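Participant: This structure is in structure tokens; I'll ask about it shortly.
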Amino acid sequence: MDFLNALVAFSNFILIPGLAYGSQLALGALGVTLIFGVLRFSNFAHGDTMAFGTAFVILFTWWFQSMGITGGPLPTALLALPFGIAVTIAMVLGTDRVVYRFYRRQRAKPIILVIVSAGVMFVMNGLVRMIIGTSEKNFTDGSRFLLDPKTFRDTTGLAEPLAIKTTQAVSVVVAVVCVALLFWFLQKTRTGKSMRAYSDNEDLALLSGINPDRVVMVTWMIAGTLACIAGTLYGLDKSFRVFVYFGLLLPIFAAAIVGGLGSPLGAIVGGYVIAFSELIVTSAWRKILGYLAPPDWLGPGLYQALSTDYKVAVSFVILIVVLLFRPQGIFGGK
């Protein structure tokens, strides 16, 4: 029984949160790696694009709730998500037309586009703060738990209750659906194949009759969609604060680089690697170990390597190690 209690505690504090957080990072990293693979620059504004999309999802969610429209047991934000995606796509396409297209036509070096994206990041961050403010926003409604901890404990007789939040389950399911659709699109559709060809060899793709403007437009549309979905799932699972999304930029880039920048599959694997690494290092293991070892063996410590305040440091260390010893990442990105 103690082993089962330890397994349930591990699921509560590591496994289930890691799957949810990893799904959110994977979707964010997919957007980053698509921009890098096709448009050939690192988009530093991606975190604030997530915040922008989520802000509008929140506004549409509040509007639906004011009219009595809800998602029942599911968050109402899922109904508002398509509208938030539409606004996000319009914003990223507008930004590309006003800002990035000029530098692309000038054949500017990637570092120039990186600096430009940093400027876009600051403008977008200020815009989001003007639209929705800087205070914390909780917009989760519907059923709180997919698996109620009290019901689980009463049914199994275990001391440790297993809790699966609805938002965690939604994060994993939506991420799986998005990844499956994206890989189908890239592998099976003509536009997806054009994007892959443009990414592999731009000059040869142009000679083959591929329209570069169309490839760029579709890339931004997909990246904006993924950013809005990832930001909304993160906000539902935790809460929405503008500055938190700015901080998400580091683990998202770490996930993309660990998997291999430019590799969609690598972005997914990297997202889960970063998520579980952060949780394993910053979680207090005392409760889990308490079921496996006699109490007098453990002492008063929490058995926590780092405080949760230093969670970003884990991503930073992993990022530095990968750049030093395997800069191409797990799946050999660019």
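Participant: Expressed as a rounded percentage, what relative contact order does the stretch 109-172 have, with Cα pairs under 8 Å and six or more residues apart?
Facilitator: In percent, rounded to a whole number, it is 24.
Participant: Springs between alpha-carbon atoms under 10 Å, Gaussian network over the chain: tell me which of Arg104, Arg144, Arg190 tops the mean-square fluctuations.
Facilitator: Maximum fluctuation in the GNM of the chain, among the listed residues, is at Arg190.
Participant: Another question, if that's okay. Excluding ligands, DNA and RNA, what is the solvent-accessible area per residue of the stretch 162-224 at a probe of 1.4 Å, expressed in Å²?
Facilitator: Heavy-atom SASA per residue in the stretch 162-224 reads 52 Å².
Participant: From the P(r) of the stretch 33-80, can you give the percent of Cα pairs sitting at distances over 16 Å?
Facilitator: 53
Participant: Once you keep just the Cα pairs under 8 angstrom separated by 6 or more residues, what percentage relative contact order results for the chain?
Facilitator: Relative contact order for the chain comes out at 32 percent.
Participant: Another question about this same structure. Output the Cα-based Rg and Dmax of the stretch 78-200 in Å, rounding Rg to one decimal and Dmax to a whole number.
Facilitator: Final numbers for Rg and Dmax: 21.5, 68 Å.
Participant: Would you mind estimating how fast the chain diffuses translationally, via Stokes-Einstein at 10 °C and 1.306 mPa s with the Kirkwood radius over Cα pairs, in µm²/s?
Facilitator: 76
Participant: What figure, in Å² to the nearest 10, do you get for the accessible area of Ser11 with a 1.4 Å probe and non-protein molecules left out?
Facilitator: About 20 Å², rounded to the nearest 10.
Participant: Taking the Cα atoms only, what angle lies between the long axis of helix 16-34 and the longest principal axis of the chain, rounded to 10 degrees?
Facilitator: Taking the Cα atoms of the chain, the angle to 16-34 is about 10 degrees.
Participant: At a 1.4 Å probe, what is the % contribution of carbon and sulfur to the accessible area of the chain?
Facilitator: 68
Participant: With axes computed from alpha carbons, what is the tilt in degrees of helix 264-282 against the longest principal axis of the chain, rounded to the nearest 10 within 0 to 90?
Facilitator: That works out to roughly 30 degrees.
Participant: Can you give the FRET efficiency to the nearest 0.05 for Asp148 and Leu207, using r as the Cβ-Cβ distance and R₀ = 56 Å?
Facilitator: 0.40
Participant: In the Gaussian network model of the chain, springs joining C-alpha atoms below 10 Å, which of Ala284, Ala293, Ala159 carries the largest mean-square fluctuation?
Facilitator: It is Ala293.
Participant: Just Gly290, Gly259, Gly47 to compare: in a GNM of the chain, with alpha carbon springs under 10 Å, which one fluctuates most?
Facilitator: Gly290
Participant: A follow-up question, please. Under 5 Å between amide H atoms, partner at least 5 residues away or on a different chain: which partners does Phe145 have, H built in plane at 1.01 Å?
Facilitator: For Phe145, the qualifying residues are Thr166.
Participant: What is the helix-to-structure angle for 311-325, meaning the angle in degrees between its Cα long axis and the longest Cα principal axis of the chain, kept from 0 to 90 and rounded to the nearest 10?
Facilitator: 60
Participant: Now for a different question. Can you give the alpha-carbon Rg of the stretch 164-209 over 2.2 N^0.38 Å, where N counts its residues?
Facilitator: Here the answer is 1.69, to two decimals.
The values are calculated or read from the model by the stated rules, or taken from the named source; none is laboratory data. All of these numbers come straight from a predicted model, not from anything done at the bench. Note that each Cβ is placed from the backbone with ideal geometry, even for glycine, and that neighbours are counted across all protein chains shown. With ligands, DNA and RNA removed, areas are computed over all heavy atoms of the protein, side chains included. Shrake-Rupley method; radii C 1.70, N 1.55, O 1.52, S 1.80 Å.
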